[in-house]
Structures are given as C-alpha cells and as structure tokens.
Amino acid sequence: MALNLRQKQTDCIVRMLNLNQPLNPGGTTANDEEVYKILIYDRFCQDILSPLIHVKDLRKHGVTLYFLIDKDRKPVSDVPAVYFVQPTPHNIHRIILDASRSLYHSFHLNFSSSIPRPLLEDLASATVNSDSIHRISKVHDQYLEFLSLEDNLFSLAHKSCYVQLNDPSAGDAEIESLIHQIVSALFSVLATLAVVPIIRCPPGGPAELVASRLDQRLQDHLLAKNNLFSEGANFATSFQRPVLCIFDRNFELSVAIQHGFRYRPLVHDVLGLRLNKLNVQGEKGGMKSYVLDTSDPFWVANGALEFPDVAVEIETQLNKYKNDVEEVNRKTGGTGEVDFDGNTKHLMNAVNSLPELTERKNVIDKHTNIATALLGEIKERALDSYAKKESDMMVRGSIDRNELLGVLKGKGSKSDKLRFAIMYLISTESIPQSEIEMVESALRESEVDTSAFQYVKKIKSLNVSLASANSASRSNIVDWAEKLYGQSISAVTAGMKNLLSSDHQLALARTVEALMEGKPNPEIESYLAFDPRAPKSSSGASSSHLKGPFKEAIVFMIGGGNYVEYGSLLELAHRQQPVRHVIYGTTEILTGGEFVEQLALLGHKMGLGSSAAPAPPAH
C-alpha cells in the first residue's frame, strides 16, 4: 500500500482530539461516548492543523472552543482541555500557569515532538508545588513536527534555512542547532509513516550531516523494545522499504529561481498560496478566500497542466455543466403530453443531482476567478515570456544579447528581472565580463538590488576555479571556500554540473530515478548509503540491498523547495512502469522571489551588490 503522509498525520490528530483513545474505522472512539473539550495550540501547531482539519471537523470530534496558548482565557472548570504545542520553555510555563489557576478540569498534553527531559521535570515539579498535578491526565509525544500540504507533500516550515546554512558568519553552534531541528522533524515524518528507510545522499554538505545524524537517531531509537517502528519491522526486502533521498538546495539552484508556467507553481508563485489557502480579487471587487487541496477535484486533476491548458479545461467543464443543467431542465420541463410517473421520476433525479451540480458550479467559479487573476498578472508582467525564455536558455545554454537586454528593460517586476538575470548566469557556461557588466547596468537602471546576482556570480566563479585548478592550488581555494561558505561548500562544488545542466529534465528527478532503479550509474556512484536497521558493525555501504530497486521514495530538500520540483517528481512517479510512489518534503516551500531574497541577504552579508536597499517587488 502506498504511503500517504497526509492521511497518517490526520489520523494521529483525530486520535489526539479524541483524548488519544483508539479509534474505530469510522473515526469514532471505541466507547462511542462524545466528550466535549477545548483545544489549545501554539502558532506552529495551528499551521500543522490548518491544512488538515476544518472547523466543522473540530466540532465533529467534540471540540467546542479553540484558542492560541498565549491568549488570555477564562476558566471552564468542568471540561477537559487538549493541548497541542511545541515542547518549548515558554509553552511549558503557560501550561504550568493554566494548571495552577485550574482553568480546566483535566489537561491532555500533546507535544509536536519529543519533550526534553529537563522540561518534563520542570512541568512535574511546578505542578506538584502548585498542587495541580492531578489535573494533568496524560502527556504524549506526538511526533507531528511537520506540515502535510498534500498526500505526497510536506514542509518543516523552517524559515530562512538556506541563509542559515550558507551564512559565512554562522557559528558551529547555530549550524548544529539547525541540523538537530531538521533531523528531529524528519524523525517525526518517519515515525508518522512508521517506516525505517534506506537513506541515500550526496557526500558532503548539509545533506550528509542530516543523513548521518538521522541514521544515528534511528539506530538509537530502534534499540528500544517498544519503539515507534515496531509495526513496520516486517519489511523484509529493500523493495518494500522506502528510500529516503536527502539533498541540499545547492544541488540544483535554477529550479528554485525560474518562472514556472504550470498551474500549481503559478498559483503559488504569483498569487501567494500558503497552507493551501489563497486570497484573490472577486468579480465585484471584494477579496475571495479559497482552499486548494485534495478536496478540490479540479486542482488535483489539473494542477500539473500548463496555464493555457487549464483555461481550456475550465471552458470545457463550464460547457459540460451547462449541458447537464439543460438536460435536467428538459427532462423536468414537461413538454407535450404529461407523463406523471415519468415526470415524478425525473423530478426526483433532478433534486438528487442539485447538490452535485451546485458543487461543480462552485469549483468552476473558483478556478475561473483564480485563472482571471493569474491572467492579469501574466499580461502585466509578461510571465509567459519569462518562462519560455528561461526554459530555452537552460536547454541552449545561451541567449541572444539583444533578447537578454529586451527582457531586462521590458515588462516585469524588479524580482522578475533579477530572477531572469540569475537564470542567465546559471545557464550560460562562459560569459564575457563585458556582458556581465551590461546585465548589472540594466538591473541598476531598473533600480534592482544586485546582491543576489553578485552572490550567485561569486559561487559560480568559485566553482569554475575549483574545476580548473591543479591539485596544489586547489587545496588553497577549498580552504578559502570553507571559510567563506561554511558547511555548504562541498555541496556547492558537487552540484556544479547541475548548476550548469542543459538537460531539460530536472537534475533532482533524474537522480531520484537513478536511486530508485538501483542500477549502476556514474551520476550516483559517489552517493552515501545508510541503513539504520543494519547492525553497527556492518560497513553497510557495500551491501547490495542498500542499492534498491525501490518502489517508494521520500525526497527531502534542505534549504527550500517549490512546486516546480514537486511536480517533476510526481511526473517521474507516474511515468515509471509499474507506477512508483514519491513523497516530496523540504525545510520550507518558497516562491522564486522569496528564494532570491535569501540569496540577496547572503550577498549583503558578504558585502556584495549595489548599495541601494532592496525594494519590494513591484507589480
């Protein structure tokens, strides 16, 4: 059975809302007695709940009131409270305060990840001192420290991760703390799926750091007899165990910057899709709020289509809807001789079909509004031209000088132009200095802050130096680079061929395909392999079962992912025969503009770029 992370996480949350009682298949508790309760959460756990549980679902599970933990709350002394929060000192302090004031009859504490021992001891001693320990019913580590946005898509919601890992001034302690947070959240994902994967990653950089720490964390956890993975222990072969492929954003920079022209990436990049929610201008001027998730059949079916195809599909669905409405009207209109029995039957069918027709019309109206808003932005900013020219540049490895200047001096926001200039830098292997100066001049004319451009130029020149240096001078460059780029330099240099890749298939999809196939392939020859279930004494890397083949993969991108990359992995999974299954996760989901802002911040930290302050993207 295919892994469904969203469903598994939803099941865990429903169980938690029902005071961690075992659930029947119908989603009700075993004793079937409804208990009214209050839900308390922090901001992070609110984001976890938001894409999964709607208000009507909360009511279904007996939740009558819900509050942020920091909000001032009145006592409701005869009702149990379900807390769902991160295990932080601040949240523990609030729980202690609530218990000492006897706000609720009983406290069911659920932490999004494992609560550290010192905090648990603080909670115990403080509730004993305030004589409120009898109110603490249960304490659960839920291992839900991630956001499930779709069945095969998750985010850790770690902000500015790319900056933190590439900041030359970042200290070892900061890097360690971030790696620890990523490992802890990935452990939560695996615990929720109840699988222990084979772990593969390129050598060096954050990917290897996360992979080796996660391997160690899993090994240590599996030593316990009653561990979180007991039910998954009967996976006998590698074909039944998934492979977890870990990458660092520097593995393939271009996909984080380029303009996509498929529906899902466009909606995210242009209209600001967040936690599956979207606000767009309605027909009559007011803002309309929409949810785009698995409950929307049009979004599921057409999210991967190019925008013009989506417009055609909306028209097709609208015509089909009109025909179906006419058919109902014709059957219930009663023309000619009256057939009472037949008419009654048609009326009954028409009444039964009304909810389905209404729902279809709502979905069509929703996507008509979204497509209209997108079309306005596409025309105003010439986004179709950006997407096509960037794609051509990546394939050809060059662009005509006049065409390049035409784009940089034409339509588009400052962010669009900067992204295009960086794509030119990435996709063109050798660029004359005069041409780089021409691009920088054109950007400055449009009042664009060039820090991000300068930063990528620096990385590129470093990689070229590394590629061409002889072994004696090479070590000096590496020493200098290690100081400059900290943890990420190995990944930056290893990803050079992807940085300049002219292959139209994304390098990530190509590499994941090779890792799942498990056949000898020079591209993945140097990749490391870890098996947390292997005895510690075994070397592991040489074992054949680590190489696959695998029918399921979890792909994790450190430093920010996006819907373009997600779409390419879904295509890969469906293209395989038999169909394989791929889950995609990342430290945070970023638009091209948001990622370029992180590059600009790194440029500023290194003293690169124009002195002008970055202006907000103009539309």
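The values are calculated or read from the model by the stated rules, or taken from the named source; none is laboratory data. Just so it is clear, the structure is predicted and the values come from calculations on it, not from any experiment. In this analysis, Cβ positions are derived from the backbone assuming ideal geometry, glycine residues included, and neighbour counts consider all displayed protein chains. For the accessible areas, the whole protein counts, side chains as well, though only heavy atoms, and no ligand, DNA or RNA atoms are used. Shrake-Rupley method; radii C 1.70, N 1.55, O 1.52, S 1.80 Å.
Which members of region 80-114 meet the condition of being polar (S, T, N, Q), open to solvent by less than 40 Å² (accessible area, probe 1.4 Å) and within 26 Å of the chain's Cα centre (by Cα)?
Hits for region 80-114 are Asn91, Asn110, Ser112, Ser113.
Name every residue in region 258-274 that is over 17 Å from Glu306 (Cα atoms) and crowded, with 19+ Cβ neighbours inside 10 Å, in order of residue number.
Narrowing region 258-274 to residues over 17 Å from Glu306 (Cα atoms): 272-274.
Listed by number, the list holds a single entry, Leu273.
How many residues are modelled with pLDDT of 95 or more and in contact with an Asp or Glu (Cβ under 8 Å, 6 or more places away or on another chain) when one looks only at region 165-192?
Qualifying residue count, region 165-192: 3.
Helices (runs of 4 or more DSSP H) wholly in region 407-523 with at least 2 residues that are open to solvent by less than 10 Å² (accessible area, probe 1.4 Å), out of contact with any Pro (no Cβ under 8 Å at 6 or more places or on another chain) and at pLDDT 80 or above - which ones? Please lay out each step first, then the result.
Values: elements: 414-427, 433-445, 451-468, 471-485, 489-494, 496-499, 507-517.
By residue number, 414-427, 433-445, 451-468, 507-517.
Let me spell it out: the conditions are (1) at pLDDT 95 or above; (2) open to solvent by less than 80 Å² (accessible area, probe 1.4 Å); (3) more than 25 Å from Val195 (Cα to Cα), and Arg43 meets all of them except one. Which number is the exception?
It fails just one condition, (2).
If you scan region 62-79, which residues turn out to be touching a residue at least 40 places away in the same chain (Cβ under 8 Å) and open to solvent by 20 Å² or more (accessible area, probe 1.4 Å)?
Selection gives Val79 alone.
For region 274-284, what are the residues that are under 16 Å from Ser155 (Cα atoms) and either in contact with a Phe, Trp or Tyr (Cβ under 8 Å, 6 or more places away or on another chain) or β-branched (Val, Ile, Thr) (or both)? Don't jump to the end; show me each part of the working.
First, the residues of region 274-284 that are under 16 Å from Ser155 (Cα atoms): 274-277.
Passing the criteria: only Lys277.
Between a first residue in region 404-424 that is within 10 Å of Arg381 (Cβ to Cβ) and a second residue that is among the charged types (D, E, K, R), which pairs have beta carbons less than 8 Å apart while being 6 or more apart in sequence or on different chains?
Lys411/Glu380; Lys411/Arg381; Gly412/Arg381; Ser413/Arg381; Asp416/Arg381
With (1) among the hydroxyl-bearing types (Ser, Thr, Tyr); (2) farther than 22 Å from Ala509 by Cβ; (3) out of contact with any His (no Cβ under 8 Å at 6 or more places or on another chain); (4) not in a helix (DSSP H, G or I) as the list, and Ser137 as the residue in question, which single condition is left unmet?
It is condition (3) that Ser137 fails.
Which residues, taken from region 536-560, are modelled with pLDDT of 95 or more and assigned to a loop (DSSP other than H, G, I, E, B)?
The answer is Gly559, Gly560.
Confirm whether Val291 is open to solvent by less than 40 Å² (accessible area, probe 1.4 Å) and of a type outside the set (Asp, Glu). Write out each step before concluding.
On the way: open to solvent by less than 40 Å² (accessible area, probe 1.4 Å): no; of a type outside the set (Asp, Glu): yes.
For Val291, the condition - open to solvent by less than 40 Å² (accessible area, probe 1.4 Å) and of a type outside the set (Asp, Glu) - is not met.
Part of a helix (DSSP H, G or I), touching a residue at least 24 places away in the same chain (Cβ under 8 Å), out of contact with any strand residue (DSSP E or B) (no Cβ under 7 Å at 6 or more places or on another chain) and not basic (Lys, Arg), is that true of Asp392? Full working, then the answer.
Numbers: part of a helix (DSSP H, G or I): yes; touching a residue at least 24 places away in the same chain (Cβ under 8 Å): no; out of contact with any strand residue (DSSP E or B) (no Cβ under 7 Å at 6 or more places or on another chain): yes; not basic (Lys, Arg): yes.
Criteria not met by Asp392.
Go through region 153-249 and tell me which strands (runs of 3 or more DSSP E), entirely inside it, have 1 or more residues that are under 23 Å from the mean Cα position of the chain (by Cα) and polar (S, T, N, Q).
Filter on region 153-249 gives 153-155.
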